[in-house]
Structures are given as structure tokens and as C-alpha cells.
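S.K.: One structure, pasted below without further comment.
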Amino acid sequence: MIKKIFSLLICCVLLIGLIPAAAVYLDRDGETLLFNFTFDPDDINVITDSTSYGDAWFSYGDSVNATWVSGADVGHQNDGHALRIEHIEGSSYQSYDMMMRLSFPTNYTLPAGASYRIFGWIYVPSAENQGKESITGPGIVINQDYAGAFGVMKFPVDNPAPPITMDEWVSFDFVIPASTFEIEELDFRIVANNGRVVPDVFYWDNIEIWQVGERDHNIRLPAWDLSLPSLYKAYADFFEFGNIMTPSAQWFRTHEENFFHHFNTVTAENAMKPEYIGRSRDDMNFHDSDIIVDWAEQHGLAVHGHALLWHSQSARWFTYNEDGTVLTRAEARENLEFFITEYAGRYAGRIASWDVVNEVLDTSATDNPWFENLRTGTGRDMSSAWYTAYANGADSAAGERPYDYIYDAFVFARKADPKAVLFYNDFNEETPSKREAMASMVEYFNAKWKDDPQNTEPDRLLIEGIGMQAHYWVGQLSPSQVRASIERFVETGARIRITELDIPFGTWSNQRDPAAPPASEEELQKQADLYRDLFEIFVEFADHIDAVTIWGLADPMSWRGNGLPLLFDEWFAPKPAFFSVLEVAQGSVSPEDPTPSPGENGEPNDNNGNNDNINTPPPDDRPNNASTDDWTVLIIMASGAVVLIAGAIIALKIVKQKRKE
């Protein structure tokens, strides 16, 4: 009899054991809860079949100490648990350094084709944030794509995030539209980089991830066609052919093979700019730049460093005191030498060329001398804090000038990496006044270097190259003006590099509306003709051009993506511009239409004419993330409860009967 009782109880337990695996798919107005992170160390992940997620799913920025804390008064609604983030004194307040990263293990990533809601709570205690002006609100970044290389990857979309109130739990709620890529990582951050508005201590709690509506299993995913002719091979007899990259796991997985196929030189889109390297004098962060340089060396790619000095995307410590006052000339110069020596020196002999100085001339130069066209002042737009700092304490009688920082930067770079080719880089370089200002400035500093006692190579220029950013417009570009600029730059004796080429539709004052219909064949052909005109000029001057770099792999990955500026479209398919560029190098190319044509059942083919896998979802070994009907959940839960109660009643009756016997 005891064996019968035990068997019945085991059956009840087994039936009840089915409940958690199903009940977690709770629906709320068409939204399915996938994850709920409570930061309880004993909590179990609601989707992983009772596998504890613990803290292995989480990592943190370099500037924080993160602690899972527990206590009676801790957490949202005093639930007893939360994640405490505390800033490390003396370290950076950059949002990347202050973030909490949620990394989904294999088989638990958020699949493409669905929209997701990210909801949670944040708390900022005033007692541990005294002296803060206000606190900027939270946000998220998808797949470490802070640069937006894959489109809109940062939420809220409209920066800055609204401020939050201290001493109370404040909710955040972001909806990510359905995308064509998996979400592997979410960075939770304060949307600011300034210690005045970033808290020193704050808490995260009860982060929920919901799927909004049904997932589209038939979503078309973009794919690269590696059977296309290689761009860098086509131009092997003329110059190097390059593109930009972002060092993230998703970028490597999605784009690496295509990059190897078409390009042989690489520039970091953002990761090697000053603010990402020199976050503070005591906090030089080479993590991403190391990844890029190591990766390029491993695969035989040349690296063009971008950039050592820029008025934008630079840390405040270069030119400002903590109280906001401008440093003296001597202090700023010391910081500049320290930064360039540490940074360029780290990669000495490994980076082929550097944009040493970037954009020191005003956007719209005049016919005045070049030094009257420099960015000055301390404002955000047309200014340079370097100019202001170098003016602070300059001895004009001794010949010291505010623009000496430009010369110093090149000298420091030459000493740090004698083998690298050093460039000055700027935009609007095709306009006559800007062209002349750039050329005259380069000639001035090269003449100064020729007589400098520090110069141990008198036959070598200091500024060896001029970078033409080539951010043009379909509605404004004049190829003849580009030719004129190249001719003038050749006169300086410097090499030329086309550093950031893209040609979006529209003009500066009349940019393409992102809601506009797809570009017509006529528009695409006009863009293609301009690319053809440019590359014909580039080939003509190939003896003076080291490389041509396209600023982005495909239209949605461009910082000017609304204008559809690149050689590949949103499906990673080649546009007419791609073939125009190829034709210049290798003659007529008559490819088959790269756009997938309908298959027998009306579904799109891949580029090889097959449609077997286009609309058929791959085998899904991840947990079932599809929506579950509310009633199904309730019925399962109720059924489990009934089974449990019934089992208990039966057991009690058996025990009573046994006692009577």
C-alpha cells in the first residue's frame, strides 16, 4: 500500500513539474514575457527550463563595481534584490564604461523578425550622488553597436534621454522594432558621458523582455553574395580599396567574409577616435583598437588609423580642468604629447598610416589665409578647444601661435611611429576655398619642418598625405571640382587618400526624407554615373593616391543612411554604383540581375536561383519563443493544481482506509 501512495505522489510531482516550463509564456495584450531578471542570486531564468542564469549572463563597464545586493529594503517595491552600480573614483564616466551588459547565451538570443519590449526600473539615491546637477535617464544599446552600424541600435532614439528623479524607482520602457538581425547583447546605460549628470551610484531591477506580437518566420534576411568580383582585386594595379568596421561579435559574424572579399585596408569607424581611447589620462583604453589591429594583421589587411587629434569626439581632460576652465598652452601640449606617444607608439610599425589631425579648418572656408579659416573658440560646432588652450599662455613675441597644436601633433606622431604615413584629413575639400586652405596649411607646416632641428630625414615631408573625406551629395557633386582639388594637392608633394567616400541622394540643404519611396532606376543610375566619374579621376591620378575607402558596407549601415549613399543596398545586394565602379577598373561588366527573382511558388530566390531556404525558417533549437494563448496557460496551471489536490485527497483516503484496516 505504501508503494501505491508513493507512486501516486510521484505522478503528481511529475505533472506539476510541467507547469513552470509552460506558465512562463505569460501573455499581456499580445506580448509574451521571455525573460524577467530580478537579480535574486537564487532566482532561476524563466525561459531556460530551470537553468540558473546567475550573474554569468552579465558583464560591466570598466568604470564600475557591480554588486548583486539583497536586503529587506532593497529593490523595486522592496522585493529584496537589485543590482548596484558604483562608479570607480578617477575613472571615465563614458556611458560605455558605465554600462551593464546582458549577453544572451547561444540558443537564447532574441531572433530576427520580432519586435521586443525592454522594460525595467532604475533607482538613484541622492545621498550617494551629492552635488550632481541632475541625472540623465537610462537607455539601451543593441549588440554593442554604439556607432549605429546596423541602423537604429540605441534607445531612446531621441537623445538625450529625459532626466530622472532621485530617491524613487523610475521605470523605462523601450520598444525595438522587428529587425533582420538577432539580438545577442543589450547594454543598459545612462545616456550621457559627463560626470555632472551621470550618477556615482545607482541600481537596476526587474528587467523584463517581452516579445511584441508574433515573430515573422518568413522575414527576408540580407545576405552577402561572395560570387561577385572583388573590388580590391579589380583595383590592385591602382590603389588599395578599403572600408570601415566596428569591432563587435555581430559585425565579425555577419560581415567579415565579405570584407575579406572586397577590401584590403581597414579604418575603424569610431573605435579609434580620441574619446574612445583616452577616456582619462589614467585610463587609456585600447581594448577595441587592439582587436582591430590584431584582426587586421592576422588577415593581411592594412590599417589606417583614425584619428589622433580632433575637435569632436575628444575627452575633456585634453584641454579642460575639472572645473571647466581651459588648460594653459603648456598643460594642453603635455597632454597632447602624452596621448599621441602612448597611442601611436603602442602600434608603432603596425599601422600603415594615420589621420593625425582631423578637420581643423572651418566647414566653409573663405579666400582668406589658411590660419584665418581655422576653427577657434570653445563652442560645440565650429570650434576647437585645442586652439583655445594653445592660445592660453602663448608668447606671440616669441612666435608662438594658437595653431601650433597642429604642428606639435604631427611631430609627436612622427616620433611615436616613424614608419607610419601621416595625413591631414578634412571634408568639403572639393570647394575652391577649402581646397586652397588645406593645401596652403600643409605647405606651411612642411616648410617649417624642413628647417626644424628635430627633423632627421630632411627629404621626408612631415605631413605626407592629404585625406579627402569625399562626403559628397548626388545633387551637388561636381567631379571637375574633385579633379581640381586632387591637382592642387599633388602640387604640395603630399600623397592623397580618399578616406570616407559616400554619395547620398539630395543636397546638404535638401536631404532625402527617410520616408521617401525607394530610389528609382533613374536615380540609382545617376548615383552610379557619379561614382563612375569619380573613379575615372581616381584611376587617372592613381600614381598619387594610396587608397580609396568607402565609408560603410551597405546603405543601412551608413551614418548618412537616409540618402542611400553606398555601393550595396539594404539586402547587401550590389547597386548600379557597384558595377560602375568595377567597370572603371576592369571594363564592361554584365552581371545577371542581382535582385532575387521569384521562384516557382512566387517566393524569392537566393542569388543562385534557389528558394529552398529563403522563406523556410531554420531548424529552431532555441526555446519556443512563440506566443502562448492566455487560456492555455491558465488551463495548464489549473490542471496542475487539480492534479495536486486530487492526488493529495486520494493519498489521504488511502491512509485513512489503511488505519481502519
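S.K.: Classify segment 227-290 as rounded, prolate or oblate from the Cα gyration tensor: take a ≥ b ≥ c as the square roots of its eigenvalues, call it rounded if a/c is under 1.5, otherwise prolate when a/b beats b/c and oblate if not. Show your work: numbers first, answer last.
M.R.: Details: a/c = 4.62, a/b = 2.07, b/c = 2.23.
It comes out oblate by the Cα gyration axes.
S.K.: Now for a separate question. With each pseudo-label sitting 7 Å past Cα toward Cβ, what's the F338-D452 distance in nm, one decimal?
M.R.: It works out to 2.1 nm between the two label points.
S.K.: Okay, moving on. With every protein chain left in place and a probe of 1.4 Å, what is the accessible surface of S59, to the nearest 10 Å²?
M.R.: That residue has around 50 Å² of solvent-accessible surface.
S.K.: Which FRET efficiency value, to the nearest 0.05, is calculated for S126 and D62 with the Förster distance at 25 angstrom and r the Cβ-Cβ distance?
M.R.: Values: r = 26 Å, r/R0 = 1.03.
The formula returns an efficiency of 0.45 here.
S.K.: Moving to a separate point now. Return the subset of K154/K273; K154/K575; K154/K419 for which the Cα-Cα distance in this structure is over 30 Å, preserving the input order. Mind showing how you got there, number by number?
M.R.: Details: K154/K273 19 Å; K154/K575 28 Å; K154/K419 38 Å.
As for pairs spanning more than 30 Å Cα to Cα, those are K154/K419.
S.K.: What shape does segment 386-458 have by the C-alpha gyration tensor, where a ≥ b ≥ c are the square roots of the eigenvalues, rounded means a/c under 1.5, and otherwise prolate means a/b greater than b/c and oblate the rest? List each step's numbers first, then the result.
M.R.: Values: a/c = 1.67, a/b = 1.07, b/c = 1.56.
Since a/c reaches 1.5 but b/c is at least a/b, the shape of segment 386-458 is classed as oblate.
S.K.: Additional query: Note down the nm distance, to one decimal, between modelled labels 7 Å out along Cα→Cβ at D73 and at E256.
M.R.: Label at D73, label at E256, 5.1 nm between them.
S.K.: State, as an integer percentage, the relative contact order of segment 250-390 based on alpha-carbon contacts under 8 Å between residues 6 or more apart.
M.R.: It rounds to 24 percent for segment 250-390.
S.K.: Using a 1.4 angstrom probe on the protein heavy atoms only, line up H287, H299 by accessible area, largest first. The partial results should precede the final answer.
M.R.: Values: H287 105, H299 75 Å².
Heavy-atom accessible area, descending, gives H287, H299.
S.K.: Still on this structure, please answer the following. Would you please classify the overall shape of segment 145-277 from the alpha carbon gyration tensor, given that a ≥ b ≥ c denote the square roots of the eigenvalues, rounded means a/c under 1.5, and beyond that prolate means a/b larger than b/c while oblate covers the rest? Provide the component values of the computation, followed by the final result.
M.R.: On the way: a/c = 3.72, a/b = 1.67, b/c = 2.23.
Cα axes put segment 145-277 in the oblate bin.
S.K.: Continuing with the same structure: Relative to the compact-globule scaling 2.2 N^0.38 Å, provide the ratio for the alpha-carbon radius of gyration of segment 65-207.
M.R.: On the way: Rg = 15.2 Å, N = 143, 2.2 N^0.38 = 14.5 Å.
After normalising by residue count via 2.2 N^0.38 Å, the value is 1.05.
S.K.: As a test of reading the structure, rank D543, D288, D426 by solvent-accessible area (1.4 Å probe, protein chains only), most first. Numbers along the way, then the final one.
M.R.: On the way: D543 130, D288 35, D426 0 Å².
Ranked from most to least accessible, the order is D543, D288, D426.
S.K.: Which three semi-axes in whole Å describe the equivalent ellipsoid of segment 417-555, each the square root of 5 times a Cα gyration tensor eigenvalue, listed largest first?
M.R.: Working from the Cα gyration tensor, I get semi-axes of 34, 14, 13 Å.
S.K.: Quick check: with the 1.4 Å probe, what order do K154, K233 take by accessible area, largest first? Intermediate results must be reported in sequence, preceding the final value.
M.R.: Numbers: K154 65, K233 135 Å².
Highest to lowest solvent-accessible surface, that is K233, K154.
S.K.: Follow-up question, since we're still on this one. How do the peptides 498-507, 170-179, 516-525, 110-119 rank, highest first, by the average count of neighbouring beta carbon atoms within 10 Å per residue? Don't jump to the answer; show the numbers that get you there.
M.R.: Numbers: 498-507: 22.9, 170-179: 15.9, 516-525: 12.2, 110-119: 20.5.
Most protected by this proxy first, the peptides run 498-507, 110-119, 170-179, 516-525.
S.K.: Given the protein chains as shown and a 1.4 Å probe, how many square angstrom of S396 are accessible, to the nearest 10?
M.R.: Its accessible surface works out to 80 Å², give or take rounding.
S.K.: Under a cut-off of 13 Å between alpha-carbon atoms, report the aspartates and glutamates in cross-link reach of K450, not counting same-chain residues fewer than 8 places apart.
M.R.: D459, E464
The values are calculated or read from the model by the stated rules, or taken from the named source; none is laboratory data. Keep in mind that this is a model prediction, so the values were computed, not measured. Every residue, glycine as well, gets a Cβ built from its backbone with ideal geometry; the counts of neighbours run over all protein chains shown. All accessible areas refer to the heavy atoms of the entire protein, side chains included, with ligands and DNA or RNA removed. Shrake-Rupley method; radii C 1.70, N 1.55, O 1.52, S 1.80 Å.
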